[in-house]
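Chemist: Below you will find the structure I want to go over with you.
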Amino acid sequence: MEVKNKPDLTEPWLSWAMELQSLAQCGLAYTENVYDKERFERIREIAAEMVSFQSEMPREKVTSLFCSETGYQTPKIDTRAAIFKGDKILLVQENDGLWSLPGGWCDVLESVKSNTEKEAWEEAGLLATAVRLIAVQDRRKHNLPEYLYNICKVFVLCECVGGKFQKNSETVGSGYFALDELPPLSEAKNTKEQIALCFDAYHDPQWQPPFD
């Protein structure tokens with residue numbers, strides 16, 4: 001869930017709302033006291049009201065997207081495949097016309113490796129083998145717009161072993177690009193700096209993956 005129409009990225013209200021929501025969700029998952037449950041529900045409502053007030057989104061929409069999960073809250077995992085041909089990197093074009101590294105949420109029963117390979121097949125039509133970790137990043141430190149939950153972005157160097165692109169429900173095109181010839185990027189998913197990091201890892205056999 002993106003936070004749109006936010007007043008100022010330096011304001012701490014979003015972090016406060018996210019922390020309140022996380023504490024309330026955890027409390028609802030573990031407490032057995034009916035009165036405490038009511039208090040945690042109210043804290044969750046306050047978090048949603050904060051986001052609704054600042055973003056001008058209807059509170060019902062905020063609640064359904066921001067306060068719908070149960071159990072202990074943890075970051076989501078997003079994997080991205082970096083596949084090279086010569087000195088060019090593979091990007092896929094999404095339905096909105098912007099370009100990104102093949103990737104997406106790490107599905108249940110998938111590991112980082114298998115999910116990266118799966119996304120390369122689903123979005124780029126390529127059979128890929130994940131060979132090296134490039135980086136693990138906290139999305140909030142690198143990408144905009146801000147989301148109402150934390151995401152760990154995992155970039156993985158892959159080798160293509162076959163396949164070819166076919167248009168699908170998520171992507172309409174693909175191509176290989178030099179770093180100085182990148183098309184318009186979906187910066188919510190990958191920035192030029194993140195793609196440059198992939199180039200650095202590709203050229204350095206002794207690469208040490210940075211992590212946040």
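Chemist: Being crowded, with 23+ Cβ neighbours inside 10 Å and more than 16 Å from the chain's Cα centre (by Cα) is the filter here; which residues of segment 118-129 pass it?
Modeler: 124, 126, 128
Chemist: Strands (runs of 3 or more DSSP E) wholly in segment 97-196 with at least 1 residues that are aliphatic (A, V, I, L, M) - which ones? Step through it out loud before you land on a result.
Modeler: Details: elements: 103-105, 126-138, 151-163, 171-177.
Strands (runs of 3 or more DSSP E) meeting the threshold: 126-138, 151-163, 171-177.
Chemist: Right, here's the next one. Residue check, residue 88 against (1) under 30 Å from residue 160 (Cβ atoms); (2) crowded, with 18+ Cβ neighbours inside 10 Å, all met but one. Which one?
Modeler: (2)
Chemist: Give just the number: which of (1) under 30 Å from residue 19 (Cβ atoms); (2) out of contact with any Ser or Thr (no Cβ under 9 Å at 6 or more places or on another chain); (3) not in a strand (DSSP E or B) does residue 205 not satisfy?
Modeler: (1)
Chemist: Scan segment 63-82 and tell me whether some residue there is free of Cβ contacts under 8 Å to residues at least 60 places away in the same chain and touching a Phe, Trp or Tyr at 6+ places or on another chain (Cβ under 6 Å).
Modeler: no
Chemist: Name the residues in segment 70-113 that are among the polar types (S, T, N, Q) and in contact with a strand residue (DSSP E or B) (Cβ under 8 Å, 6 or more places away or on another chain), would you? Walk me through how you get there before you give the answer.
Modeler: Of the residues in segment 70-113, the ones among the polar types (S, T, N, Q) are 70, 73-74, 79, 93, 95, 100, 111.
Result: 79, 93, 95, 100.
Chemist: Could you tell me which of the residues 49, 45, 41, 32 is loosely packed, with under 13 Cβ neighbours inside 10 Å, acidic (Asp, Glu) and not assigned by TED's automatic domain parsing to the domain that holds residue 189?
Modeler: Just one listed residue meets the conditions, 32.
Chemist: What is the one condition in (1) in contact with a strand residue (DSSP E or B) (Cβ under 9 Å, 6 or more places away or on another chain); (2) under 30 Å from residue 20 (Cβ atoms); (3) surrounded by fewer than 18 Cβ atoms within 10 Å (Cβ to Cβ) that residue 153 does not satisfy?
Modeler: Here residue 153 clears every test but (3).
Chemist: Now, a different point. Pick out the one residue from 79, 70 that is closer than 30 Å to residue 17 by Cα and in contact with a Gly (Cβ under 7 Å, 6 or more places away or on another chain).
Modeler: Working: 70 fails: in contact with a Gly (Cβ under 7 Å, 6 or more places away or on another chain).
Being closer than 30 Å to residue 17 by Cα and in contact with a Gly (Cβ under 7 Å, 6 or more places away or on another chain) holds for just one of 79, 70, which is 79.
Chemist: State which residue pairs qualify: first residue in the same structural domain as residue 191 (by TED's automatic domain parsing) and inside segment 152-176, second residue part of a loop (DSSP other than H, G, I, E, B) and of a type in the set (A, V, I, L, M, F, W, C) in any location, beta carbons under 7 Å apart, and separation of 6 or more residues or different chains.
Modeler: 174/165
Chemist: Another question about this same structure. Check whether at least one residue in segment 14-29 is assigned to a loop (DSSP other than H, G, I, E, B) and either out of contact with any Leu (no Cβ under 6 Å at 6 or more places or on another chain) or not charged (D, E, K, R) (or both), and report yes or no. Break it down into steps so the answer makes sense when it comes.
Modeler: Here is the first cut: in segment 14-29, the residues assigned to a loop (DSSP other than H, G, I, E, B) are none.
No, there is no match, as no residue in segment 14-29 is assigned to a loop (DSSP other than H, G, I, E, B) and either out of contact with any Leu (no Cβ under 6 Å at 6 or more places or on another chain) or not charged (D, E, K, R) (or both).
The values are calculated or read from the model by the stated rules, or taken from the named source; none is laboratory data. What you see is a predicted model, and the numbers here were worked out from it, not measured in a lab. Neighbour counts run over all protein chains shown; Cβ positions are idealised from the backbone, glycine included.
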